[in-house]
Structure formats: C-alpha cells, structure tokens
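The values are calculated or read from the model by the stated rules, or taken from the named source; none is laboratory data. Predicted model, so just to flag it, every value in this text is computed and none were measured. So basically every Cβ, Gly included, is an ideal-geometry build from the backbone, and we count neighbours across all protein chains shown. Surface areas here come from the heavy atoms of the whole protein model, side chains and all, with no ligands, DNA or RNA. Shrake-Rupley method; radii C 1.70, N 1.55, O 1.52, S 1.80 Å.
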Amino acid sequence: PRSTLSSSSAASDVYKRQMQAGESFDKIKKLIVVAFLTLLIWAYAYLSLEEMVQRTGTLQIQCSRPDLLVTVVDRVEPIRLDLLLKGQASAVAEFKKRWHLPSGDPQKEKLDFYYDPVEEGLASPGTYTVNVLEFLRESERLRLLGLTVESCSVETIEVRVEKLVEKNLIVHCRD
C-alpha cells in the first residue's frame, strides 16, 4: 500500500510520471515533424512533375557591330533546329497554347533565336565553334517561359567573324 512507501519512493513515482509525460510530448513533436516533412516531399513531387514537348525553331546570326561581317560556315541561314524542351506541366501547357495561336497574334510563341558573337565575346576576327545546345540552355527567353532544352538537332556551328575595312573607291561611269 501507498502508506508504507517512503517519501523518496513517492518522489521517484512522480519523477517517473513526469518522464513518461515528457516522452509522450517528444513523440508528438517527432510525429508533427515527420508529417510536415512528408507534406513538403509531396508538394515538391507535385511541383516537379515535368513534361516534354518537341518543336522546331531557327537560329540566325545577328551582329550588333556594323564593322563586323559574321557568317555561318557551310550552312544556310536561318538554321533549322529540332528541339526537345522540358518544363513543369503548367509551363509546357502555356507554351503549347501560345504556340498554336494564329500567325498575326502578338502573343504567338516562336522559337527564333539570334546569336550575336559580340555579346558572346567573339568580336575578334576568326572562325569559332559555337555550342548551340549550350547557347540555347543559357537563353533568357526560354528561362522566362519556364522551359529548358534537353536536346537539339544541331550540336555545333562554325561562325566566321571578319573585320570590315572602310575604303575609298573611285567609280567611273561610261556609256
């Protein structure tokens, strides 16, 4: 019976009950943390659902300096690009919707890219190899669309940069 217990034994019982209550509270905290982490993982998995879409685009050379002549070696411009794009399902759906708009609609999405060697640090005369896939992956436009390029039909192109020199010519007109 309780009346026969010493005071130290009663204190021990109180301590044990407090410990059990603390352990229960710790279990509840752990359960809440696990539930929260599970919800975060589910949300992340939902948001990372991605889709792929295949489309055709073009690449053209457009130099911002009038004293340079830039040409693509052994290719005709515009260069046709078969692209495999990836993005979140909502971004791909929005892109497809804008892709199918009528031709005159200003919201219509086209995949026309312009390569400026000056912006890419290639302003000196010479022939350069351009990694097209890397160029497209760094595209601000695709980033704003929420898309990334997974593959491209044209891996590299050769670009020739020539410095134009102003010369005075005498022209004689004869009849």
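Taking only the alpha-carbon positions of the stretch 97-175 and ignoring solvent, what does the Debye formula give for the base-10 log of I(q)/I(0) at q = 0.14 Å⁻¹? Log10 of I(q)/I(0), two decimals: -0.67. Across the stretch 48-118, Cα-Cα distances exceeding 16 Å account for 61% of all pairs. If you look at the Cα atoms of the stretch 136-175, you get an Rg and a Dmax of 22.0, 63 Å.
The chain: longest stretch without exposed trypsin sites (Lys or Arg not before Pro) (DSSP loop, at most 12 other Cβ within 10 Å), sites themselves excluded? Longest gap between qualifying sites, sites excluded: 1-107. What's the angle, to the nearest 10 degrees (0 to 90), between helix 89-99's Cα axis and the longest principal axis of the chain? Once rounded, one gets 20 degrees. Once both labels are positioned 7 Å from their Cα atoms along Cα-to-Cβ, the gap between residue 168 and residue 27 label points is 9.9 nm.
Quick check for you: with a 1.4 Å probe and neighbouring chains kept, what is the accessible area per residue of the stretch 71-148, in Å²?
Ligands and nucleic acids excluded, the figure is 60 Å² per residue.
Based on the Kirkwood approach, the hydrodynamic radius assigned to the chain is 22.4 Å, with every pair of different Cα atoms included. Sequence-distant contacts, meaning Cα pairs under 8 Å at least 6 residues apart, place the relative contact order of the chain at 25 percent.
Against the chain, whose longest principal axis comes from its Cα atoms, helix 7-47 is set at around 20 degrees. Within the shell defined by Cβ-Cβ distances under 14 Å, the residues around residue 34 carry a net charge of +2, with Lys and Arg each +1 and Asp and Glu each -1. For residue 151, nonlocal amide neighbours, meaning residues 5 or more places apart or on other chains whose placed amide H falls under 5 Å from its own, are 84. Each residue of the stretch 74-85 was assigned a 3J(HN,Hα) from its phi angle through the Karplus expression (A = 6.51, B = -1.76, C = 1.60, θ = phi - 60°), giving 6, 9, 9, 8, x, 7, 7, 10, 8, 10, 10, 9 Hz with x at Gly and Pro.
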